1. Just to check I understand the Karplus step: with θ = phi - 60° and J = 6.51 cos²θ - 1.76 cosθ + 1.60, what whole-Hz values come out for segment A:52-66, glycine and proline as x?
2. Report the net charge of residues surrounding B:Leu196, where surrounding means a beta-carbon distance below 12 angstrom and charges are Lys +1, Arg +1, Asp -1, Glu -1.
3. Quick one, could you list the DSSP H helices from chain B stretching 15 Å or more along their long axis (Cα atoms) with average Kyte-Doolittle hydropathy of 0.5 or above?
4. So if I place +1 on the C-beta of Lys and Arg and -1 on the C-beta of Asp and Glu, and nothing else carries charge, what would the dipole magnitude of segment A:148-223 be about its Cα centre? I want it in debye, nearest 20.
5. Using a cut-off of 13 Å between beta-carbons, work out the net charge of the residues near B:Asn315 (Lys and Arg +1, Asp and Glu -1, B:Asn315 not included).
6. In the Gaussian network model of chain B, springs joining C-alpha atoms below 10 Å, which of B:Met306, B:Met84, B:Met35 carries the largest mean-square fluctuation?
7. Kindly express, to the nearest 10 degrees and within the range 0 to 90, the angle between helix A:232-245's C-alpha long axis and the longest C-alpha principal axis of chain A.
8. State to the nearest 20 debye the size of the charge dipole of segment A:216-344 about its Cα centre, where the only charges are +1 on K and R beta carbons and -1 on D and E beta carbons.
Amino acid sequence: MIAANTPASVDGPTDGPGGKKSKTTFVRALNDALDLGMERFPEMFLIGEDIAEMGGDFSVTKGLWAKYGQERVRDTPLSEAAIVGTCVGSSMVGMRPVAEIMFADFVGECYDQIVNTAAKMHYMFDGQFKAPLVIRTACGGGFGGGPHHSQSVEGWFMNVPGIVIVAPSNPADAKGLLLSSIESDDPVLFLEHKALYRARGEVPGGYHTTPLGRASVARQGTDVTVVATMRMVPMALTAAEEAAKEGVSVEVVDLRTIRPYDAATILESVAKTGRVVVANEAPKTGGLGAELSARIHEECFAELLGPVVRVDGLDTPIPFSVPLEEVVLPDEADISAAIGEAMRNSR
Amino acid sequence: MDLAMMLDLYRDMWLIRAFELGLEREFKQGNVPGMLHTGLGQEATQAALAAHLEASDCFFPDHRCHGINVLAQQRHGGDGERIMAELFGRATGVCSGKGGSLHSADPAVGNFGCNAVEGAYMATVLGVALASKLREEPAVACAIIGDGTCGRGEFHESLNMAAIWDLPVLYACLNNGYAIMTPVGQGHASADIVDLARGYGFPCEQLDGNDIEECYDKIENAVAHIRAGKGPYFLEFKTWRWQAAFAGEFRPESEVKYWKEDHDPILMAGEKLVELGASVEELGVIEKEAREVTEEWISYAKESPMPDLAKATANVYVGWEVAGS
Ligand SMILES: Cc1ncc(C[n+]2csc(CCOP(=O)(O)OP(=O)(O)O)c2C)c(N)n1
Ligand SMILES: [Mg+2]
């Protein structure tokens, strides 16, 4: 089980233009992205609970209030619907708001604004409005946060046309994807896994974007494809190292954008390996693994050497007590076991 | 109020009434899909609001606001017939038929769209208002809400945030006495919604929503306050809707009689106009013209083509295409 402050084992990709790279944390990379965005887009502002002087619960907005002032870095009361409502309304008239919802578990409080207003805006009024907003939120378990500070909420939004769900796994992508999210004219739910906040990695300097809707191949391999998200990516890379010792070559695909997702990269990898594991921290039923598994079976049945194996959280809320939480959340050992199963259970 | 202005407002009220009556007839004949909520009985409030909102302002219409949507088109260079066509789900509608009655928008005339999740825009309006404030534009952002809708948590989140940030929001609460069949005093701690708003510390007033002069004057005052940068304003319009509930009329006969005969906004305005010197014939012509234009718009809507089927998957995302079947 990885604790919240354990560094991740993955370094950033090398797709950054120009700028010197340096080793930095996920939080710092996010902070840089916000700073660069604020500098570039006068219509951008930040909004959330205690994000101004305090810099947010996880210090992601630290220093930005002092630099950009209270009009552009706005503290709010505990009013999640009003926070997102403010983002939606202002984005309708050309602003580029970035909200922080302190914990992803609280998106229920603003779910309607996201799902029924932001995500449908462009469609129901047939293109007359756009909602170019970003909702950043801290998700995921592994630190004893209990049922209301640990959830993975991507499944709550998987079924929502119009929303973009972004989920970085390393500092370089955190920076590049956040800047792309800010540039995006679609509403973005930007998931920040809390256990990754202190992960370190090489991050390209300067303004650097990573395309939305595109997965990356975090490790090349030929026997099994592991499609993973967020904290499951460094875990998958560790499991891949272990598998290599046994002579199994694992390809790790970091999905990066969960919706709309990059089916082409997944299917290309599956065509090569014929075996697939999908690893995602959220509860299993109706989750990302179910969607990807169905899609892979629909489109790559002939190439498959065996059934898709899913690694997910158990179908329970997240318990507080650490040993119980370890039972519920997936880890490297689960991914290793899944890789073994994919190898065994194949033609 | 002078005769000319009163006549203009009377004309606007009749346009709303004729529009809604024509629409109701078509709905009953099965020509209008979906659900229909009419603004019959609430014409004074709507006409007075429309009279004070510029194209550079914004309003979020409620589910009974076909009338204000039409007046915004008329006042700001749009086409009323495109509102009608939208209600019929046609390609020529303001949202190409994708929105219908409950999701009609046209930003060119300040119409930021109804939202069928009642009152969701109590939160959304904050953002439009904040943008105006940051850009130092003297614009008003108006949220039109029913009494029942004020039961939502967003009501309080919105009023609080508008107050702490001094946002240029006009809250127009149309208290017609009921949420579907639930009486306002049963659904809220006070039957006077203005009581719920007062704690937020900005000006709140209750007025007769069927008295066009009072509506016009009070809105004028509220809008001037907002444009002067003095922050939000809350107006509660006491009114009444003709439309009962799906189950039929549930309100006492005496109440129906009072609002439809003794306190109807158009009848009251007509009496005032005659006092001011208008002729009964002149008023009759206004009614006739409103009915005629409504019939023209209904014909236009019915003759308009259905949307191109490709519209079903258009504009889900700005940055991605969604595959068709
Ligand atoms: C959030 C939400 N809850 C419930 C409904 C269903 N609904 C539609 S209209 C209505 C009553 C609204 O009452 P009020 O705000 O007083 O408006 P009125 O119809 O009286 O004008 C309800 C409950 C809805 N559309 N949205
Ligand atoms: Mg009502």
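The values are calculated or read from the model by the stated rules, or taken from the named source; none is laboratory data. Quick caveat: nothing in here was measured; it's all calculated off a predicted structure. Cβ: placed from backbone, ideal geometry, glycine included. Neighbour counts: every protein chain shown. SASA here: full protein model, heavy atoms, side chains in, ligands and nucleic acids out. Shrake-Rupley method; radii C 1.70, N 1.55, O 1.52, S 1.80 Å.
1. 7, 4, 7, x, x, 4, 10, 6, 5, 9, 4, x, 7, 5, 5
2. The answer is -2.
3. Helices meeting the span and hydropathy rule in chain B are B:121-134, B:265-276.
4. Taking the Cα centre of segment A:148-223 as origin, the dipole is about 300 debye.
5. Net charge in that neighbourhood comes out at -1.
6. B:Met35
7. With rounding to tens, the tilt is 20 degrees.
8. 200
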